[in-house]
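Worksheet: the structure to be examined is printed underneath.
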Amino acid sequence: MGLDMYLYRTKKIEGINSPEEYGKLSFTAKYDDVGYWRKANAIHQWFVKNAQVDEKNSFSFAFITKQQLENLMNVVTKVLNDHTLAESLLPTQAGFFFGSTEYDEWYFTNVEKTRDTLERALLETDWEKQVILYHASW
């Protein structure tokens, strides 16, 4: 058990307008795995605050825009360039099986992984034809 977080990319489908509807298609739609984190609670907290992720609903889905990914990339870059900004710009979040809330090597490894994931997602996504979904479960 624990906080598992995913970014998925899939083709935009005419008539589907909510992330939950895309989530229900998980067995029939083709998803590209864009990113996966385990117990990276600071990254999850950022999505909760900035992407309208339902923090009380384990198994919720949310649309993620290009601008949101660029905003997170900006935050991640600042934190990696100056570790003293971590607590103010990308704070950890305690939760049931959410992992450590320390600003330690594990935290910064997750931030580096996030940077790499975002670089690929921003480069490889055709924003006219595809959508990005964030999904977390715990």
Exception for LEU72 within (1) free of Cβ contacts under 8 Å to residues at least 12 places away in the same chain; (2) buried (at least 18 other Cβ atoms within 10 Å of the Cβ) falls at (1)
Tell me which of these VAL75 doesn't satisfy, since it passes every other one: (1) assigned to a helix (DSSP H, G or I); (2) on the phi > 0 side of the Ramachandran plot. (2)
Mind listing just one residue for me: the one in segment 35-51 that is in a strand (DSSP E or B) and of a type outside the set (Phe, Trp, Tyr) and, of those, nearest to ASP116 (Cα to Cα)? GLY35
What are the residues in segment 1-23 that are open to solvent by 20 Å² or more (accessible area, probe 1.4 Å), over 15 Å from the mean Cα position of the chain (by Cα) and modelled with pLDDT of 80 or more, if any? LYS11, LYS12, ILE13, GLU14, GLY15, ILE16, ASN17, SER18, GLU21
So ASP116 fits all but one of (1) open to solvent by less than 10 Å² (accessible area, probe 1.4 Å); (2) part of a helix (DSSP H, G or I); (3) closer than 17 Å to MET5 by Cα; what number is the exception? (1)
Being touching a Lys or Arg at 6+ places or on another chain (Cβ under 7 Å) and outside any helix (DSSP H, G or I) is the filter here, so list the residues in segment 84-113 that pass it. PHE98, GLY99
On the basis of being modelled with pLDDT of 95 or more, touching a Ser or Thr at 6+ places or on another chain (Cβ under 7 Å) and surrounded by 14 or more Cβ atoms within 10 Å (Cβ to Cβ), does VAL111 make the cut? no
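The values are calculated or read from the model by the stated rules, or taken from the named source; none is laboratory data. If you're wondering where the values come from, they're calculated on a predicted model, not measured in any experiment. Here the Cβ is made from the backbone with ideal geometry for all residues, glycine too, and neighbour counts use every protein chain on show. Surface areas here come from the heavy atoms of the whole protein model, side chains and all, with no ligands, DNA or RNA. Shrake-Rupley method; radii C 1.70, N 1.55, O 1.52, S 1.80 Å.
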